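Engineer: Structure below; questions to follow.
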Amino acid sequence: MKRPRLAVAVAVTGLALTGGLTACGSSSSDSSDSSSSSSGGGGKVGEVTIGASLPLTGDLADYGPPGEKAANLAIAEIKKAGGQVKLETADNETTPQGAVQAARELLAKNANCISGAWASTDTIPTARSVTIPEGIPLISPSSTSSDITKLDDNGTVYRTSPTDNIQGPALADLIEKSIGGAKGKTVNVGARDDAYGAGFVDFFTKAWEDKGGKIGASVLYDPTQPSYDSEAQQIVAGNPDAFVIVDFPETFVKVGPALQRTGKWDSTKTFITDGLADDTLVADHADLMKGVRGTAPGTPEEGAASKAFDKAYTAAAPKDVGRQTFDAQTFDSVVLCYLAAVAAGSTDGADMAAQLQDVSGPGGKKYPWTDLSGAVKALENGQDIDYVGAAGELDFDDNGDPSVGTYDELQVKGGALESTGQIQASSVSG
C-alpha cells in the first residue's frame with residue numbers, strides 16, 4: 001500500500017497571546033448549566049472547548065498541518081453528531097517552552113481538554129507545569145516515551161499513539177525479518193538524546209538482545225548541535241549488519257549528511273522510527289532516505305473505521321494537505337475529549353479524565369467514529385461504550401496508554417514511503 005504524500009502547505013492559526021489559566025478549564029458558557037457540573041452517569045453537556053497544541057513550526061513542523069486538518073475534521077464530525085464543540089489551536093513550536101506556553105494560551109481560551117503536545121519532551125513539561133496542576137485531560141497523539149507513563153498525573157494524561165515499549169520490539173521484529181535473523185547480528189544505533197530517543201533505544205536494545213542480537217555502537221547526540229561528524233564516525237564504527245536512527249527531520253538533515261561523509265554508512269541498511277516517517281523528508285532528501293526502512297504507528301488496513309477515515313480525510317479541506325503519520329491519532333484524541341465530556345455529563349476536567357478509560361476500552365458496545373451520533377446517544381443515556389477510532393482499537397490501560405497498537409512496516413521506494421506490511425502489537429513489560 002502506498003502511503004499518501006504530504007503536500008506542503010502553510011497553516012494559518014489565529015493565536016491570541018493571552019495570560020492566565022482557568023481554574024478547571026470549563027468554558028464560561030457552561031458555568032450556569034447545571035447539567036455540565038454533574039459527575040458521571042452521562043447526560044447533556046453544553047459547549048465543549050477542545051484545545052489542539054500543534055507543531056506548526058520547529059522540528060516536527062511537517063506534521064503540524066496534517067494534524068490541524070485532522071483536528072478540524074474531528075470537530076466537523078462531532079458537530080454532525082449534534083455536539084456543541086469548539087476548537088482552539090496554538091503552535092507549540094516543537095519546544096518545551098513553546099508547548100507550555102501553547103497550553104497556557106489554550107486554557108486561557110477555556111479549553112476543557114487538550115490534544116497534544118507532540119514531542120515527548122514537550123508533552124512532559126506541558127503536563128507537569130500546566131495540565132496536571134489544573135486537572136485538565138491531556139491526550140497526546142504522538143508522544144511515545146515511557147517517561148510519560150511514569151508521570152504522577154492523577155489520571156489526566158493519555159495517549160492515542162502506542163508507546164515505545166511496544167514499538168521497540170516491533171522494530172526489532174522488522175529488522176530480524178529484513179536481515180535474515182537476529183542471532184549474532186550487530187546493529188549500531190544513533191538517537192537524539194531526549195526522552196524520546198534515549199527511551200526508545202532502551203526498549204529496542206532489550207528486544208534486540210533478547211533475540212540473540214548484538215548492539216555495537218549506541219550513540220546519543222544533542223539535537224541542538226550545529227554538526228555531527230564525530231557522532232557519525234561513532235555510529236558507523238565496525239561493520240554492523242544494520243543501523244537504527246531515532247530522530248526528527250530537522251536534526252536528521254544534519255546527521256544524515258555527516259553519516260554520508262564517513263563513506264561507511266548505507267541508507268539501505270538503515271531503519272527508522274516514527275519521528276522520521278515523514279513524506280516531505282523523503283521527497284526533499286531522497287539521497288539520505290533511499291531504501292530506508294522502519295516502523296511507525298498506522299491504522300489497521302482491514303479496519304472499516306480506518307478506511308472510512310482515510311476517505312473522509314482525503315475529501316476534507318484543505319485538499320493539498322495529505323495523510324501523514326499521527327493524523328488518525330490526532331482525530332481520535334479530539335473525538336475522545338468530547339466523548340469524555342458526554343460520558344461525564346460535565347466539562348470539568350477531572351470528571352472528563354475519569355471517563356476516558358471506560359470510553360476507549362472493552363465492556364460496552366463498540367461504536368466506531370463513523371457512528372458518533374450513536375455513541376453520544378448511548379453515553380447520554382448512561383451506557384458504556386467502546387470507541388473504535390480512526391487509528392483502530394485503543395483500550396487505554398491504567399496509565400492512560402493504549403494497550404494495543406498497529407504499526408506500518410515502511411520502506412522508501414521510488415522516492416516515497418510505502419507500507420510493505422503491518423505489525424499488530426500489544427503492551428509488554430520492559
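The values are calculated or read from the model by the stated rules, or taken from the named source; none is laboratory data. Remember, it's a predicted structure, so these values are computed and weren't measured experimentally. So basically every Cβ, Gly included, is an ideal-geometry build from the backbone, and we count neighbours across all protein chains shown. Accessible surface is based on the protein model in full, side chains and every heavy atom, while ligands, DNA and RNA are left aside. Shrake-Rupley method; radii C 1.70, N 1.55, O 1.52, S 1.80 Å.
Engineer: Sort out for me the strands (runs of 3 or more DSSP E) sitting completely within the range 81-188 that have 1 or more residues that are in contact with a Lys or Arg (Cβ under 7 Å, 6 or more places away or on another chain), among the hydroxyl-bearing types (Ser, Thr, Tyr) and open to solvent by less than 10 Å² (accessible area, probe 1.4 Å). Steps first, answer last, please.
Structural biologist: Values: elements: 85-91, 113-115, 138-140, 157-159.
Passing ranges, in order: 138-140.
Engineer: Can you tell me which condition Ala61 does not meet? The list is (1) within 23 Å of Ala296 (Cβ to Cβ); (2) buried (at least 24 other Cβ atoms within 10 Å of the Cβ), and all the others hold.
Structural biologist: Going through the list (1) within 23 Å of Ala296 (Cβ to Cβ); (2) buried (at least 24 other Cβ atoms within 10 Å of the Cβ), Ala61 breaks only (2).
Engineer: Being open to solvent by 20 Å² or more (accessible area, probe 1.4 Å) and under 16 Å from the mean Cα position of the chain (by Cα) is the filter here, so list the residues in the range 400-424 that pass it.
Structural biologist: Answer for the range 400-424, where residues must be open to solvent by 20 Å² or more (accessible area, probe 1.4 Å) and under 16 Å from the mean Cα position of the chain (by Cα): Ser403, Val404.
Per-residue answers, yes or no, for (1) aromatic (Phe, Trp, Tyr); (2) free of Cβ contacts under 8 Å to residues at least 40 places away in the same chain:
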site	(1), (2)
Ala304	no, no
Val321	no, no
Phe326	yes, no
Leu339	no, no
Val342	no, no
Ala353	no, no
Gly374	no, yes
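Engineer: Moving on. Can you find a residue that is in contact with a Gly (Cβ under 6 Å, 6 or more places away or on another chain), over 25 Å from Leu56 (Cβ atoms) and not small (Gly, Ala, Ser) anywhere in the range 120-137?
Structural biologist: The answer is no; no qualifying residue exists.
Engineer: Another one. Give the residues of the range 235-247 that are in contact with a Gly (Cβ under 8 Å, 6 or more places away or on another chain) and either assigned to a strand (DSSP E or B) or open to solvent by 10 Å² or more (accessible area, probe 1.4 Å) (or both), sorted by residue number. Break it down into steps so the answer makes sense when it comes.
Structural biologist: The first filter runs over the range 235-247 and keeps only residues in contact with a Gly (Cβ under 8 Å, 6 or more places away or on another chain), leaving 235, 237-238, 240, 243-247.
Within the range 235-247, Ala237, Gly238, Phe243, Val244, Ile245, Val246 qualify.
Engineer: Every residue in the range 133-170 that is basic (Lys, Arg) and touching a strand residue (DSSP E or B) at 6+ places or on another chain (Cβ under 9 Å), please. Break it down into steps so the answer makes sense when it comes.
Structural biologist: First, the residues of the range 133-170 that are basic (Lys, Arg): 150, 159.
Passing the criteria: only Arg159.
Engineer: Tally time: how many residues in the range 196-206 are open to solvent by less than 20 Å² (accessible area, probe 1.4 Å) and either of a type in the set (A, V, I, L, M, F, W, C) or without any contact (Cβ under 8 Å) to a residue 24 or more places away in the chain (or both)? Talk me through it step by step, then tell me what you get.
Structural biologist: Residues of the range 196-206 open to solvent by less than 20 Å² (accessible area, probe 1.4 Å): 196-197, 199-201, 204.
Cutting the leftovers down to either of a type in the set (A, V, I, L, M, F, W, C) or without any contact (Cβ under 8 Å) to a residue 24 or more places away in the chain (or both) gives us 200-201, 204.
Going through the range 196-206 one residue at a time, the tally reaches 3.
Engineer: Go through (1) part of a helix (DSSP H, G or I); (2) open to solvent by less than 10 Å² (accessible area, probe 1.4 Å) and name the single condition Phe271 misses.
Structural biologist: Only one criterion in (1) part of a helix (DSSP H, G or I); (2) open to solvent by less than 10 Å² (accessible area, probe 1.4 Å) is unmet by Phe271, namely (1).
Engineer: With respect to Ser227, determine if the residue is in a loop (DSSP other than H, G, I, E, B) and open to solvent by 50 Å² or more (accessible area, probe 1.4 Å). Let's see the steps before the verdict.
Structural biologist: Numbers: in a loop (DSSP other than H, G, I, E, B): yes; open to solvent by 50 Å² or more (accessible area, probe 1.4 Å): yes.
Yes: the conditions hold for Ser227.
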